[in-house]
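Beneath this line is the structure, given in structure tokens, with notes to follow.
The values are calculated or read from the model by the stated rules, or taken from the named source; none is laboratory data. Source: prediction; values computed, not measured. Cβ sites come from the backbone with ideal geometry, for glycine too, and all protein chains shown count toward neighbours. Ligands, DNA and RNA are stripped out before the accessible areas are found, and what is left, the full protein with its side chains, is counted by its heavy atoms. Shrake-Rupley method; radii C 1.70, N 1.55, O 1.52, S 1.80 Å.
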Amino acid sequence: MAGTITFEGLATGIKASETVDKLITVESRPKILKEAEQTRIQNQADTWQVLNSKLLSVSVAAGDLSRLATWNNQTVTSSNESTLTARASLEAPTGTYTVSVEKLAKAHQVASQNYDSSTASIGTGALSIQVGSGATYTLTLSANNNTLDGVAKALNDAKIGVTASVVSTGGSYRLLLAANATGAENALSITQDEGVNLAFDLENPVQAAEDAQVKLGSGAGAIIVNSASNTINTLIKGVALDLKAADPGKPVTISVSRNSDAVAEKVKAFVDAYNDITAEISKQFAYDSDKNVAGILMGDSTLMGVQRSLSSLVSSTVASNSEYRTLSSVGITVGDGGKLSFDASKLSTAMGKDFEGTMRLFRTGADSTNTRISFVFAGAKTQQSTAGYAVDVTQVATRAAATGTAAAGLSIDAANDQLTLSVDGASPRTITLAHKTDYTAESLAAEIQAKINGSFQGKVTVAADGAGALTITSARYGSSSKIELIGGSGLTTLKLSGVAASTGQNVAGTINGEPATGTGQILKGNSGNAKTDGLQLLVELDGGLGAGPESTVTVTKGIFSRFDEYLSNLTDPLSGVAGLQQSSLTKSVESIATQIKEMEARLEVRRESLLAQFNRMEQTISELNNQGSYLTNALAALTKSSN
């Protein structure tokens, strides 16, 4: 009780608190053992957390080496970057090329006559502008916008591919129209009603619409290419040339090479991460005989399995015709204690000698016996197969196409110049054809194609057959490929009236006899397939299907693709072994903590019980002592009285 002063052992000479503490210490032995077990398991959980983090680092590094982006890293240099620069993709062949920039592409610019003021009236009526073969835009001039400032604002707001501005020429003003796109094919065509007092000198432009011109080589057989754009990506496969300035007759050297340094940097990151995890695992299995201390996870069967798997992956081989089938062949070797070392020069040599074979050592790839059936992607569950998977195509992918019923009329005017249609499922739009009375079937097809492609993101081709009938074909393949002719004043003239909407078909077939789903020209092994889950193939066949398979595709998984798959599964936050180990151990720690609390509660009850017993004993002894003293005194008094 608070405020109460007690004196232990006055009667017995026993210090109850000290005695009870010693008794509780003896009875606390099971709790102490539990606390030691809790500490041991917590250390194991913490160690698995460290291991999981290091395994994730290896997974990231391996994943980088298994991805195409790491290898799609060409080095391209220009000897004169003020004239042109260059970019290269994986398709670019290595080599040295000489290119001279003869001309730059220029955008068409024209100006109106002079006006005393930018706000002076320029009349009323229609002003029509067309960029190249694109759609014609008509601006109606009224009192609200019939000034130079008003026209410039209206045209810029319309976003028709033309930039309009009012320029001052020292006391007078002119309207300047500039095509946003360069090249002769994007020249401006301008017409206006008689009521519009705005004239543009198209014969004497501010800047003529010109194509860029480059020359590959310098000899008599040099190749000359013209381009509407100052970016040319058709001259050298996989190389985009960005033209900066014209310098006729002055060759610029373009050098394309494999960027082995970028790959080597990724390999070094993997080697460092791998050595880090192997050192940590070795630490867990170490035993110090002098101190009689073992690693925290000594004998852990799960970690031993991880160690074996990592070692096995590093020493594995890839089935290939290349001489580079093992990591050691490209400079990644295993030394003492399983530690990796890396010789970047060997990797550089391998990439220069056999780039495809080296890349296949690292990442997943496939070979096909049919050049029109090619590998695109393999999922984590796709199994490799040296024997190959038979690809049986039962339906080729097709594109939507709408064909006229007869030869199209070749005279277009205001009465028949519009066509309303939908391409690839987009909202219907109306195109307006240029007015001409002397179209040929081919030039009319080109006009329709240009106007449709200028209006829709989905591209089409338009062609005329020998009889003059038009066919509009979507560039897409599969069920997303659609052409629907809806209406317009030109539908009848073009002989497209009554033509049914068309939808393409997806490729269909099986891979290794397992079901596959087609999307356009991509045939993908279904989820759950035993062998081909996630395998994607590009099928570019256009017919000629036989009774048997059209191709055999051999899938090989590069070593780092295998690393990526194994470690991704191992470190998966929901199902990964490393995470589950840590989670299981953490739950054990929490369970033991609950048990320890229960033990502590029982020991406290036991302490209170023992103290109460000692207090009662003290009280009893005190009472007996008092009684003894009373009897002694009483006997003494009797003896005295009897004497």
- Elements of type strands (runs of 3 or more DSSP E) in region 440-557, at least 2 residues being within 30 Å of residue 135 (Cβ to Cβ): 460-464, 470-474, 482-487
- Please indicate, with yes or no, whether at least one residue in region 65-74 is polar (S, T, N, Q) and within 30 Å of residue 172 (Cα to Cα). no
- Do we have residue 600 as touching a Lys or Arg at 6+ places or on another chain (Cβ under 9 Å) and closer than 19 Å to residue 34 by Cα here? yes
- Message: Looking at region 331-363 only, could you name the residues that are under 21 Å from residue 564 (Cα atoms), open to solvent by 40 Å² or more (accessible area, probe 1.4 Å) and part of a helix (DSSP H, G or I)?
- Response: 356, 360
- Identify all residues within region 52-84 that are buried (at least 18 other Cβ atoms within 10 Å of the Cβ), more than 20 Å from the chain's Cα centre (by Cα) and part of a strand (DSSP E or B); write none if there are none. 76, 78, 84
- Residue by residue through region 427-449, note down the ones that are farther than 18 Å from residue 467 by Cα and touching a helix residue (DSSP H, G or I) at 6+ places or on another chain (Cβ under 9 Å). 429, 430, 431, 432, 433, 434, 436
- Selected residue (only one of 177, 198 is under 46 Å from the mean Cα position of the chain (by Cα), modelled with pLDDT of 90 or more and either at negative phi or open to solvent by less than 40 Å² (accessible area, probe 1.4 Å) (or both)): 177
- Would you mind stating whether residue 386 is part of a helix (DSSP H, G or I) and either under 19 Å from residue 68 (Cα atoms) or open to solvent by 50 Å² or more (accessible area, probe 1.4 Å) (or both)? no
- Query: How about region 158-239: which strands (runs of 3 or more DSSP E) wholly inside it have at least 3 residues that are small (Gly, Ala, Ser)?
  - Reply: 162-168
- Which one is nearest to residue 48 (Cα to Cα) among residues in region 296-330 that are charged (D, E, K, R) and surrounded by 15 or more Cβ atoms within 10 Å (Cβ to Cβ)? 300
- Item | Scan of region 463-490 for residues that are closer than 18 Å to residue 417 by Cα, open to solvent by less than 20 Å² (accessible area, probe 1.4 Å) and among the aliphatic types (A, V, I, L, M), ordered by number | 469, 470, 472
- Mind listing whichever residues of region 103-118 are over 19 Å from residue 162 (Cβ atoms) and modelled with pLDDT of 95 or more? 103, 104
